[in-house]
Amino acid sequence: MKKYNVCIVGGGSTYTPGFLKSFVRLKEEFPIAKLVLFDNNAERQEVIGEFGKILFGERFKELEFSYTTDPKTAYENMDFVFMQMRSGGLQMRREDEHIPFKLGKIGQETCGAGGMAYGLRSTIDMIIAVRQIRQYSPNAWILNYSNPAAIVAEALRREFPNDKRILNICDQPENVIRSVSRLLGCSWEDLDPVYFGLNHYGWFTHVYDKHTGEDLLPKVRQIVAEKGFLPQDAEQRDPSWLETYGFVQDIMNDFPDYLPNTYDGYYLYPEYKYNHLDHEYTRADEVIAGRETRVFKECREVIANGELGEGFHSISDAHAEMMIKVAEAIAFNKNTRFIVIVENNGAINNLQDDAMVEVVCELGINGPRPMAVGNIPQFYYGLLAQQVSSEKLLIDAYYEKSYQKALQALTLNRLINDAKKAREILDALIIANKDMWPDLH
Ligand SMILES: NC(=O)c1ccc[n+]([C@@H]2O[C@H](COP(=O)([O-])OP(=O)(O)OC[C@H]3O[C@@H](n4cnc5c(N)ncnc54)[C@H](O)[C@@H]3O)[C@@H](O)[C@H]2O)c1
Ligand SMILES: O=P(O)(O)OC[C@H]1O[C@H](O[C@H]2[C@H](O)[C@@H](O)[C@@H](O)O[C@@H]2CO)[C@H](O)[C@@H](O)[C@@H]1O
Ligand SMILES: [Mn+2]
């Protein structure tokens, strides 16, 4: 059986240990011969890479494993490249969140002004990285989940229009379905959802029981109204994520038609969210003090001990498993259903063809085959058309180096929605992102 060569870009990410563990656990389902970690930060890469050497030395000796900061070494002869870079790092995520808050609007990793700031940084770095990957591995599958995935997807669509082996993915729809399965007391793999939207801005119109065909959404609606909503892994979550998931009850109370993605809360209730989020200690601060500190501490402990010990069991891996299952579906032409990001082309009938939308797709060796949802109701169409326009204008701003287009993009975003505010925030972000953004004028 063929074994695959895999590279992870952003190998120094907090999520990498979960991937390393999952490559061990899934080595029969998705057999790999070679794994290379690539990062542009040698120090971070070394810690995770040395941890990896110990892990694979104990659990997957036959794997050819290495880590590098050299693109050629990383990208040559690859079959799959997993992309999880964070342009500007968590320190810039802090800026993305703190600057809008200081100026009276929501600061969030991927939504609103923060997401747009991150979007321009990611666009620059992702285009460079994809060009390099294509130089050394013209046929590798590029599985991107570097955020903001919606904006990155639009940028890659425009930059590489004929490249059919770039797939943009997010794990949040699957996280919501896993959470629904906890409410229903069933396995998430028994659920067959119907979903439409943009990345981090979508809705489940049905949640079918895979075996009986019953639509369980009415049951879900009732349980959410009575008991609220929790992530599947609630016991491992920081309070801010519990609140975000819990807010699904409020959203469904006002808009009971569908089950929302947790991120919809920011777009539908910008004022309420602004008033209830902590402006001084944002999610980036929580991640820096929490996940980032913990992951690097645990890896350093394993390195100091020279053995895994308990280090293997505490690593969270649901996110990694989904991404590896995506690669497995492509490699073995499984035509498994995943919710992924694709060019619309009629999947959402009344939305423009060239929007990058998130829908259920069958995924196999020739890529994703989207499952059409028909026309979406006016309310949802209005929300999404506005956001598609905002994201497209941001990528126009990148190509044209246009301040005016960036101003239009921020003005159209529902989390800003005011031209004077948009200008104020844009000017502050230009200063904060000096040398990491295109030179807008
Ligand atoms: N799409 C999704 O649903 C989803 C889910 C989880 C995480 N993510 C994304 O995964 C990424 C990693 O998240 P994290 O919290 O672990 O961040 P992190 O900062 O811990 O890790 C990112 C790594 O990328 C590296 N990096 C930055 N720019 C790079 C470049 N140009 N080339 C190579 N490496 C580069 C950094 O040095 C860092 O080691 C983020 O983009 C995050 O948004 C996406
Ligand atoms: O605030 P963070 O960095 O913890 O999470 C931001 C990401 O949140 C979503 O993803 C999952 C994440 O992958 C998973 O590991 C766990 O932490 O739960 C998160 C939410 O359910 C989102 O899809 C990503 O795009 C964000 O980057
Ligand atoms: Mn996501």
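The values are calculated or read from the model by the stated rules, or taken from the named source; none is laboratory data. Note that the structure is a prediction, hence the values are computed from the model and not measured. Here the Cβ is made from the backbone with ideal geometry for all residues, glycine too, and neighbour counts use every protein chain on show.
Here are the numbers for the structure shown:
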quantity	calculated
Residue in region 141-183 that is farthest from ligand 2 (Cβ to nearest atom), counting only those that are part of a loop (DSSP other than H, G, I, E, B) and surrounded by fewer than 21 Cβ atoms within 10 Å (Cβ to Cβ)	N162
All positions within region 299-318 that are at pLDDT 95 or above, surrounded by fewer than 21 Cβ atoms within 10 Å (Cβ to Cβ) and under 21 Å from E43 (Cβ atoms)	R300, E301, I303, A304, N305, G306
Selected residue (criterion: nearest to H319 (Cα to Cα)) from residues of region 1-38 that are in contact (Cβ under 8 Å) with a residue 60 or more places away in the chain and among the small types (G, A, S)	G18
Pair list, Cβ under 9 Å, 6 or more apart: region 190-214 residue at pLDDT below 95, other residue buried (at least 19 other Cβ atoms within 10 Å of the Cβ)	none
Sole residue being without any contact (Cβ under 8 Å) to a residue 24 or more places away in the chain and not acidic (D, E), chosen from A289, A284, A327, A318	A289
Counted residues, region 346-387 - those being hydroxyl-bearing (S, T, Y) and under 22 Å from the mean Cα position of the chain (by Cα)	1
Residue selected from region 77-96 under the condition within 8 Å of ligand 1 (Cβ to nearest atom) and surrounded by fewer than 20 Cβ atoms within 10 Å (Cβ to Cβ), by the criterion nearest to L143 (Cα to Cα)	G89
Residue check for D171: acidic (D, E) and within 11 Å of ligand 1 (Cβ to nearest atom)	yes
Failed item in (1) over 30 Å from A432 (Cα atoms); (2) away from ligand 2 (no atom under 16 Å from the Cβ); (3) hydrophobic (A, V, I, L, M, F, W, C), with F19 passing the rest	(2)
Any chance T110 is within 11 Å of ligand 3 (Cβ to nearest atom) and polar (S, T, N, Q)	yes
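Yes/no matrix, rows are residues, columns are (1) touching a Cys at 6+ places or on another chain (Cβ under 9 Å); (2) at pLDDT below 95; (3) more than 26 Å from D215 (Cα to Cα); (4) part of a loop (DSSP other than H, G, I, E, B):
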{"position": "L230", "(1), (2), (3), (4)": "no, no, no, yes"}
{"position": "E243", "(1), (2), (3), (4)": "no, no, yes, no"}
{"position": "M252", "(1), (2), (3), (4)": "no, no, no, no"}
{"position": "T262", "(1), (2), (3), (4)": "no, no, no, yes"}
{"position": "Y272", "(1), (2), (3), (4)": "no, no, yes, no"}
{"position": "N275", "(1), (2), (3), (4)": "no, no, yes, no"}
{"position": "E286", "(1), (2), (3), (4)": "no, no, yes, no"}
